[in-house]
Amino acid sequence: MTYPTQPTASHFINGRYVEDRDGAPIDVIYPATGEVIGQVHSATPVIIDQALDAARSAQAAWAAMTGTERGRILRRAADIMRERNHDLSVLETYDTGKPYQETSVVDATSGADALEYFGGMAATLTGEHIQLGEDWVYTRREPLGVCVGIGAWNYPTQIASWKGAPALACGNTMVFKPSETTPLCALKVAEILHEAGAPAGVYNVVQGLGDVGAALVSDGRVDKVSLTGSVPTGRKVYAAAAAGIKHVTMELGGKSPMIVFDDADVENAVSGAILGNFYSSGQVCSNGTRVFVHKTIKEAFLSRLSERLATAVIGDPQDPDTSFGPMVSERQMGIVMDYIAKGQDEGARLVYGGKRLDKNGFYLEPTVFADVTDDMTIAREEIFGPVMAVLDFEDEDDVMARANDTEFGLAAGVFTRDLARAHRVAARFEAGTCYINTYNDAPVEAPFGGSKQSGVGRENSKAAIEHYSQLKSVYVRMGDLEAPF
Ligand code: NDP
């Protein structure tokens, strides 16, 4: 099968596509049909070496350019990405199975937003002047060096861009490893950056599984590691980075709460619950999968939710009318089906869905459980699929304690018409990203990231600059220097 903008080889290194067929083959599987639509090869040690050497060699000259020059290249890449949005969205849909209805408005577009935002910011990065009497100190904001980005499979274009754009704006170079489940889109990000004028070696992509990621993280040429992935992988990558005292950004998993108070606009709360559980077939890290609904409105909420879920258009994700696509892989579908079985075994009430669809590809119905209790597996573990757990509550203090009773702290949401309560609840949430009467917005202007075990550092916004640069202090003596002897 051919599809638009098909990458021409497995890796992108030093400004060109590179192949090494000695690397283990990785099939590219279209989630909507289960068909193999391509193949890439895992990076061999030779390829890893080439990519890291290219990034290392390119870094000094890239950092020596002015911020305006670097930023112009990033903004040009943003323009190209927007011009090619249709083809890139089709490719993203082949890579992930997410409906074109989503990919055409979220993936390349949010990648372009990051390139534009950090492109604009590159020229504004400065140090400061600190006067000390007649002496003074100035700070230089310097890049970290070579950054490794490692991505999950749910947003391959976005993750490659969210990591690449701030890294490059600050004068770093990058070697990015996409998930082996979705290897295609990051190659296009590299190709576009190169076309926009990024010098060879500034942004490189290599394929592979966890072993390739691990080899990159532990390499002495690498100064910073930014991972988007699960908490267990985060622990391993953080530990490996710590051995070399490397900078890290960890964007990890969640089991986020969404609280719907009895004064909430039920229609909006249902919209929030749909956006926070079923977008991308539930494969979103910040999803509000523990939906605490006040007892007095629970049945109204559930019946409206079921009515609206029945209008989901499930089918061919390339059809613009389709609003709900397959899971990314057979493996992920199996994991989610096991959780659905556990929910039923542990006594939750299945209100909607729960089954695999009788068609090719990895399709599961959107699934809702009610009468879920805090101790059930589906209320404690990240499922990463279209499974919503609805829990009852009556009292604000009680629900806050329950909402925060988790190792995760990625996101949290509240639906209420009571302004004071909305802000009180947001302040009490133990989470990096909170929503009031909305859910899962992630504009590039706002910091995004987790607290507790959901992560370290922040992506997007001015905050990301702190994670891709470091300050050097330069002390300047204007007069004679005294010494004790
Ligand atoms: P994984 O943690 O399984 O993998 C993430 C990436 O790390 C993949 O590229 C993987 O390679 C790689 N990897 C695995 N082991 C190692 C290792 N020892 N050293 C270096 N790299 C390694 O996550 P998934 O891809 O399954 O994605 C789902 C997870 O990502 C969920 O937990 C989700 O919450 C989280 N996520 C977090 C987001 C956030 O911003 N906070 C956003 C999106 C997802 P490979 O898979 O190819 O073997």
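The values are calculated or read from the model by the stated rules, or taken from the named source; none is laboratory data. Remember, predicted model here, so these are calculated numbers, not experimental data. Backbone-built Cβ (ideal geometry, glycine too); neighbour counts: all protein chains shown.
What about residue 399, is it in a helix (DSSP H, G or I) and under 23 Å from residue 34 (Cα atoms)? Against the criterion (in a helix (DSSP H, G or I) and under 23 Å from residue 34 (Cα atoms)), residue 399 does not qualify.
Yes or no, residue by residue, for (1) charged (D, E, K, R); (2) over 30 Å from residue 475 (Cβ atoms):
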position: 73; (1), (2): no, yes
position: 79; (1), (2): yes, yes
position: 96; (1), (2): no, yes
position: 128; (1), (2): yes, no
position: 172; (1), (2): no, no
position: 182; (1), (2): no, yes
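Total residues in region 359-396 satisfying the condition of being buried (at least 19 other Cβ atoms within 10 Å of the Cβ) and either assigned to a loop (DSSP other than H, G, I, E, B) or without any contact (Cβ under 8 Å) to a residue 24 or more places away in the chain (or both): the figure is 11.
Of all residues in region 125-175, those being under 20 Å from residue 213 (Cβ atoms), away from the ligand (no atom under 16 Å from the Cβ) and in a strand (DSSP E or B) number 1. Restricting attention to region 279-303, the residues that are under 30 Å from the mean Cα position of the chain (by Cα) and either within 16 Å of the ligand (Cβ to nearest atom) or closer than 17 Å to residue 416 by Cβ (or both) total 16.
Taking region 16-37 as the range and being surrounded by fewer than 20 Cβ atoms within 10 Å (Cβ to Cβ) and among the small types (Gly, Ala, Ser) as the test, the residues that pass are 24, 34. Here residue 423 clears all of (1) touching a strand residue (DSSP E or B) at 6+ places or on another chain (Cβ under 6 Å); (2) farther than 30 Å from residue 316 by Cβ; (3) assigned to a helix (DSSP H, G or I) except the condition numbered (1).
If I go through region 432-450 residue by residue, how many of them are assigned to a loop (DSSP other than H, G, I, E, B) and within 15 Å of residue 413 (Cα to Cα)?
Start the filter on region 432-450 by keeping residues that are assigned to a loop (DSSP other than H, G, I, E, B), which leaves 432, 437-447, 449-450.
So of that shortlist, the ones also within 15 Å of residue 413 (Cα to Cα) come out as 432, 437-442, 449-450.
The total comes to 9.
Remark: pairs (first residue in region 237-256, on the phi > 0 side of the Ramachandran plot; second residue more than 10 Å from the ligand (Cβ to nearest atom) and of a type in the set (A, V, I, L, M); Cβ separation under 7 Å; 6+ apart in sequence or on different chains) are absent.
For region 417-470, the tally of residues that are out of contact with any Ser or Thr (no Cβ under 7 Å at 6 or more places or on another chain), crowded, with 22+ Cβ neighbours inside 10 Å and closer than 13 Å to residue 258 by Cα stands at 4. Please specify each residue of region 176-200 satisfying the condition of being out of contact with any strand residue (DSSP E or B) (no Cβ under 6 Å at 6 or more places or on another chain) and away from the ligand (no atom under 16 Å from the Cβ). Passing the criteria: 188, 191, 192, 194, 195, 196, 197, 198, 199, 200. Has region 450-462 got any residue that is more than 16 Å from the ligand (Cβ to nearest atom), at pLDDT 95 or above and touching a Phe, Trp or Tyr at 6+ places or on another chain (Cβ under 8 Å)? The answer is no, given that none of the residues of region 450-462 is more than 16 Å from the ligand (Cβ to nearest atom), at pLDDT 95 or above and touching a Phe, Trp or Tyr at 6+ places or on another chain (Cβ under 8 Å).
Checked against (1) more than 18 Å from the chain's Cα centre (by Cα); (2) farther than 17 Å from residue 190 by Cα; (3) in a helix (DSSP H, G or I), residue 104 passes all but a single condition, namely (1).
From 224, 236, 188, grab the single residue that is touching a Phe, Trp or Tyr at 6+ places or on another chain (Cβ under 8 Å) and of a type in the set (D, E, K, R). Give the derivation first.
On the way: 236 fails: touching a Phe, Trp or Tyr at 6+ places or on another chain (Cβ under 8 Å); 188 fails: touching a Phe, Trp or Tyr at 6+ places or on another chain (Cβ under 8 Å).
Sole residue among the options that is touching a Phe, Trp or Tyr at 6+ places or on another chain (Cβ under 8 Å) and of a type in the set (D, E, K, R): 224.
Listed conditions (1) touching a strand residue (DSSP E or B) at 6+ places or on another chain (Cβ under 6 Å); (2) crowded, with 24+ Cβ neighbours inside 10 Å are all met by residue 92, apart from (1). Of all residues in region 53-88, which are touching an Asp or Glu at 6+ places or on another chain (Cβ under 8 Å) and buried (at least 24 other Cβ atoms within 10 Å of the Cβ)? Result: 74, 77, 78, 88.
Close Cβ contacts (under 6 Å, 6 or more residues apart or on different chains) running from residues in region 190-215 that are on the phi > 0 side of the Ramachandran plot and assigned to a loop (DSSP other than H, G, I, E, B) to residues that are polar (S, T, N, Q) and away from the ligand (no atom under 12 Å from the Cβ) comprise 201/14; 201/57. In region 229-249 there is no residue that is at pLDDT 95 or above, more than 16 Å from the ligand (Cβ to nearest atom) and buried (at least 20 other Cβ atoms within 10 Å of the Cβ).
Please indicate, with yes or no, whether at least one residue in region 318-336 is free of Cβ contacts under 8 Å to residues at least 24 places away in the same chain and over 24 Å from the mean Cα position of the chain (by Cα). Scanning region 318-336, I find no residue that is free of Cβ contacts under 8 Å to residues at least 24 places away in the same chain and over 24 Å from the mean Cα position of the chain (by Cα), so the answer is no.
Tell me yes or no: at least one residue of region 343-358 is at pLDDT below 95 and over 20 Å from residue 292 (Cβ atoms). Show your work before the answer.
Let us first name the residues in region 343-358 that are at pLDDT below 95, namely 358.
Of the ones still in play, those that are also over 20 Å from residue 292 (Cβ atoms) are 358.
Yes, that holds for at least one residue.
Scan region 37-46 and tell me whether some residue there is among the polar types (S, T, N, Q) and either touching a residue at least 40 places away in the same chain (Cβ under 8 Å) or assigned to a loop (DSSP other than H, G, I, E, B) (or both). Among the residues of region 37-46, at least one is among the polar types (S, T, N, Q) and either touching a residue at least 40 places away in the same chain (Cβ under 8 Å) or assigned to a loop (DSSP other than H, G, I, E, B) (or both), which makes the answer yes. Is it true that residue 218 is within 13 Å of the ligand (Cβ to nearest atom), in contact (Cβ under 8 Å) with a residue 12 or more places away in the chain and crowded, with 22+ Cβ neighbours inside 10 Å? Taking the combined requirement at face value, the residue does not satisfy it.
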